[in-house]
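The values are calculated or read from the model by the stated rules, or taken from the named source; none is laboratory data. In this text the structure is predicted, and so the values were computed from the model without any measurement. All Cβ positions, even for glycine, are placed from backbone atoms using ideal geometry, and neighbour counts span all protein chains on display. We work out accessible area using only protein heavy atoms, side chains counted, and drop any ligands, DNA or RNA first. Shrake-Rupley method; radii C 1.70, N 1.55, O 1.52, S 1.80 Å.
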Amino acid sequence: MAETIAPPLSSRFNCKRLELKRCLPAFLSSHKTLFTLLWIAALASVFLWKSNPIGAGFAVFWRGPLRPMPQLRPVAFNLTDFGAVGDGVTVNTEAFERAVSAISKLSKRGGGQLNVPPGRWLTAPFNLTSHMTLFLAEDAVILGIQDEKYWPLMPALPSYGYGREHPGPRYGSLIHGQNLRDIVITGHNGTIDGQGQTWWKKYRQKLLNHTRGPLVQIMWSSDIVFSNITLQNSPFWTLHPYDCKNVTIRNVTILAPIFEAPNTDGIDPDSCEDMVIEDCYISVGDDAIAIKSGWDQYGTAYGQPSTNILIRNLVVRSMVSAGISIGSEMSGGVSNVTVENVLVWNSRRAVRIKTAPGRGGYVRHITYRNLTFDNVRVGIVIKTDYNEHPDEGYDPKAVPILGDISFTGIHGQGVRVPVRIHGSKEIPVRNVTFQDMSVGLTYKKKHIFQCAYVQGRVIGTVFPAPCENLDRYDEQGNLVKRSVSQNLTDIDYDF
């Protein structure tokens, strides 16, 4: 299987895009020496990866011949076998379609592999098939055609009931799949490039009549692996698994301009179950990761939560939105999510939960552990008034339930507001825990640990001093001080 070719830890992040010297101060400020050294080793090793492709050892100044593409299925094809030309000009949609058709006939033999060799392979959107491996060689680039007339229209997602940006149908994704099983997209760090610049410009100029399409979207499918590839410049959300089970995303780099690339979320698990996202670098124009499960009454009716999701060992950046978000479309519910060993750098927000009256659903059993913030405006955000709705048919009395959320091992520097938990009378935030937190500040002001309508506890010493809404416990779990009032409001959006 493709998972057997994952690169070692020393090649998991892309140094060129990481700007190593900006990341090191956050680690040096952490008192967790072992964790710091591991991060430094991982980041330093990325410097080797940039000049040294995966698997080429440490001969960083020698670039050998291109590696052969391993055969991961019983039958393997080359894209050029179907008449494709990798000159960046020839449209290769028919070649991709013929290749996928050939693989679709091999399901009883274990499926097939489509090798995309070095070159620039321009194409309109195409569909995958079950028991298929799409393998992108080093220096292989799949390019999305920029003229929207080549992008098919699809019905709105059933849990959204509405095109996300316009009513009615939406554009499909560049690489698409529905009702599939056993899909692998991998390679020697080849690239899928949506060439989203034209889409972003038309969106800003209000020249599009339909919601933009994702770069890669897999729907109603299971047993999916994405590994060792780069995804960049998506017209809209980049990687969108929708109502899928058993999904692994590993060693993936996702890129878009940090400004003027609207809604280019990195990974959007949407009504998904049993997912691992690990060892990735994401720097995009919106949320690096946004866990979703449907929008208002449509998501409630669809009723498929996102659950059992593990996110670990990531470096992420979002100057517009947040490193890792839950919501705001979470009406089907989100539960059993663990986020650990994540560096968020040069970002507007680090981690955020966003919802609103009308969403319904729930966000519960969420664990954040070993997070590092470096130069982040707001560290931890829970927002309950994110009032964006698909239409007037939502029920304002359908309020979400938020609870059982823990933050442990939170460190960093250059943070303006470490915590902003903005519950409300209608949507209080329950059972929140903080433990082992020390965040260096840029503003020496009061009201930097901000709370409203929140109930929970602080265990041990945290910095900065927590809000009065939270109970205080010592390290042994003994109650030290009961909260003054869980309904106190101390929210300041001025900084």
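Numbers below:
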| item | result |
| --- | --- |
| Residues located in region 399-424, provided they are assigned to a loop (DSSP other than H, G, I, E, B) and open to solvent by 10 Å² or more (accessible area, probe 1.4 Å) | 399, 424 |
| Leading residue by the ranking (farthest from residue 459 (Cα to Cα)) among those in region 391-443 that are touching a strand residue (DSSP E or B) at 6+ places or on another chain (Cβ under 9 Å) and among the charged types (D, E, K, R) | 416 |
| Hits in region 469-489 (condition: touching a Lys or Arg at 6+ places or on another chain (Cβ under 9 Å), surrounded by fewer than 16 Cβ atoms within 10 Å (Cβ to Cβ) and either in contact (Cβ under 8 Å) with a residue 40 or more places away in the chain or not aliphatic (A, V, I, L, M) (or both)) | 481, 482 |
| Subset tally (residues that are among the basic types (Lys, Arg), open to solvent by 10 Å² or more (accessible area, probe 1.4 Å) and over 20 Å from residue 412 (Cα atoms)) for region 355-373 | 1 |
| Some residue of region 295-302 being open to solvent by less than 10 Å² (accessible area, probe 1.4 Å), among the hydrophobic types (A, V, I, L, M, F, W, C), in contact with a strand residue (DSSP E or B) (Cβ under 6 Å, 6 or more places away or on another chain) and within 20 Å of residue 241 (Cα to Cα) | no |
| Whichever residue in region 242-264 is over 13 Å from the mean Cα position of the chain (by Cα), hydrophobic (A, V, I, L, M, F, W, C) and closer than 19 Å to residue 318 by Cβ and, among such residues, is least open to solvent (accessible area, probe 1.4 Å) | 261 |
| Test set (1) in contact with a Ser or Thr (Cβ under 9 Å, 6 or more places away or on another chain); (2) open to solvent by 10 Å² or more (accessible area, probe 1.4 Å) - residue 222 fails condition number | (1) |
| Cβ pairs under 8 Å, 6+ apart, first in region 391-406 and closer than 19 Å to residue 305 by Cβ, second of a type in the set (Lys, Arg) and in a loop (DSSP other than H, G, I, E, B) | 398/359; 399/359; 400/359 |
| Region 454-468, residues that are more than 16 Å from residue 380 (Cβ to Cβ) and open to solvent by 60 Å² or more (accessible area, probe 1.4 Å) | 461, 468 |
| Qualifying residue in region 130-141 (condition: in a loop (DSSP other than H, G, I, E, B), in contact with an Asp or Glu (Cβ under 6 Å, 6 or more places away or on another chain) and crowded, with 21+ Cβ neighbours inside 10 Å) | yes |
| Single residue of region 105-124 satisfying the filter (of a type in the set (Gly, Ala, Ser) and under 19 Å from residue 180 (Cβ atoms)) that is most open to solvent (accessible area, probe 1.4 Å) | 107 |
| Residue satisfying condition, being in contact with a helix residue (DSSP H, G or I) (Cβ under 7 Å, 6 or more places away or on another chain) and surrounded by fewer than 22 Cβ atoms within 10 Å (Cβ to Cβ), within set 179, 127 | 127 |
| Residue that is farthest from the chain's Cα centre (by Cα), among those in region 173-225 that are part of a loop (DSSP other than H, G, I, E, B) and aliphatic (A, V, I, L, M) | 207 |
| Every residue from region 265-294 that is open to solvent by 10 Å² or more (accessible area, probe 1.4 Å) and of a type in the set (Asp, Glu) | 273, 274, 278, 286 |
| Residues being touching a residue at least 60 places away in the same chain (Cβ under 8 Å), open to solvent by less than 70 Å² (accessible area, probe 1.4 Å) and either not in a loop (DSSP other than H, G, I, E, B) or not aliphatic (A, V, I, L, M) (or both) - total across region 425-452 | 3 |
| All positions within region 209-219 that are open to solvent by less than 10 Å² (accessible area, probe 1.4 Å) and in contact with a helix residue (DSSP H, G or I) (Cβ under 9 Å, 6 or more places away or on another chain) | 212, 213 |
| Test result for residue 102, within 31 Å of the chain's Cα centre (by Cα), surrounded by 15 or more Cβ atoms within 10 Å (Cβ to Cβ), touching a residue at least 24 places away in the same chain (Cβ under 8 Å) and over 25 Å from residue 194 (Cβ atoms) | no |
| Any hit, region 147-158, residues being modelled with pLDDT of 95 or more, crowded, with 16+ Cβ neighbours inside 10 Å, closer than 16 Å to residue 215 by Cα and in contact with a His (Cβ under 6 Å, 6 or more places away or on another chain) | no |
| Only one of 161, 55, 64 that is closer than 30 Å to residue 393 by Cβ, modelled with pLDDT under 95 and part of a loop (DSSP other than H, G, I, E, B) | 161 |
